Amino acid sequence: MIDRANTQAIKTRPAEERDIAPLARLAGELGYPSTAEQVRERFAYSKAAPHQATFVAVIDGDAVIGWIHLSETHSLDTEPRAEITGLVVDSNHRSGGAGRLLVERGEEWARRRGLAVIGVRSNVIRERTRAFYERLGYTVTKTQRVFRKALE
C-alpha cells in the first residue's frame, strides 16, 4: 500500500541536462546499461523533439529517483496516442509512489497534447510491472513478439 503522505515528498519535473548521470544509472537498473555520454546524446535528441518528453521523480530537494519517457505516436492504422517508452524507479524507492506519480505526469502530458489513449509495452517476465500498470487502470490488449534486425 502506498503511503500518500510520503508521496507528497516526491515531486516530478521535466528532466534536465543536469540529470544525465542519474538517468544513465537508472537506465542500467531497467536493464539497459548506458553511459552518461550515450544518455546525453539520446536526451539531446529527445529534448529537441516536440513529440517526446522525459520527466523525473525527485526527493530531498533534487535527488532523482525515477524517470519516465514518453512519445507521441502517429500511424496509418490507429489514432494518435502516447506511448510510455521507458519507466524506472530506483530499486531503493520502489513501491513508494514515485512510479504512480510519474505515470500520472505522463498521462497529463498526453492529455495536454489532445491524445485520448496512452499505452505501454512491458516484457512478459516483468510480473510486478504488469500488476503495477493494472492497478493504475491499464489493461492488457495483446501479447506479441518483438523482432529486430541490425542494419549494416
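The values are calculated or read from the model by the stated rules, or taken from the named source; none is laboratory data. Since this is a predicted model, take the numbers as computed values, not measurements. Cβ placement follows ideal geometry from the backbone for every residue including glycine, while neighbour counts extend to all protein chains displayed. Ligands, DNA and RNA are stripped out before the accessible areas are found, and what is left, the full protein with its side chains, is counted by its heavy atoms. Shrake-Rupley method; radii C 1.70, N 1.55, O 1.52, S 1.80 Å.
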**Report entry** Karplus (6.51, -1.76, 1.60) ³J(HN,Hα), θ = phi - 60°, over region 137-146, in Hz, Gly and Pro reported as x
**Finding:** x, 7, 10, 6, 9, 5, 10, 8, 9, 10
Query raised in the report: Which one of THR54, ALA98, HIS69 has its Cα pushed farthest toward the positive end of the charge dipole of region 11-108, where Lys and Arg give +1 and Asp and Glu give -1 at the Cβ?
Result: ALA98
Report summary line: Of LEU102, LEU87, LEU136, the most mobile residue in a GNM of the chain (C-alpha springs, cutoff 10 Å) is LEU136
Report task. List, in order, the whole-Hz ³J(HN,Hα) value for each residue of region 64-74 obtained from phi through the Karplus relation with A = 6.51, B = -1.76, C = 1.60 and θ = phi - 60°; use x for Gly and Pro. Result -> 6, 10, x, 8, 10, 10, 10, 9, 8, 10, 10
Query raised in the report: Build a GNM of the chain with springs between Cα atoms under 10 Å: which of ASP19, ASP77, ASP60 gets the top mean-square fluctuation?
Result: ASP77
Requested in this report: Report HIS74's accessible area, 1.4 Å probe, all protein chains in place, as a number in Å² to the nearest 10.
Outcome: 120 Å²
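For n ≥ 4 DSSP H runs only, could you compute -39500 (n - 2.57) per run for the chain, divide by its residues and tell me the 222 nm figure to the nearest 500?
-10000 deg cm²/dmol
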Requested in this report: Run the numbers on the chain and let me know its relative contact order in percent, using alpha-carbon pairs under 8 Å that are six or more apart.
Outcome: 21 percent
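With the convex hull built on the Cα atoms of region 1-150, state its orientation-averaged projected area in nm². Please list the in-between numbers first.
Numbers: hull surface 39.8 nm².
Across all orientations, region 1-150 yields a mean hull projection of 10.0 nm².
For the chain, give the magnitude of the charge dipole about the Cα centre (Cβ charges: +1 Lys/Arg, -1 Asp/Glu; no others), in debye to the nearest 20. All intermediate terms of the calculation are to be shown ahead of the outcome.
Numbers: 24 positive and 20 negative charges, 78 e Å.
Using only the charged Cβ atoms, the result is roughly 380 debye.
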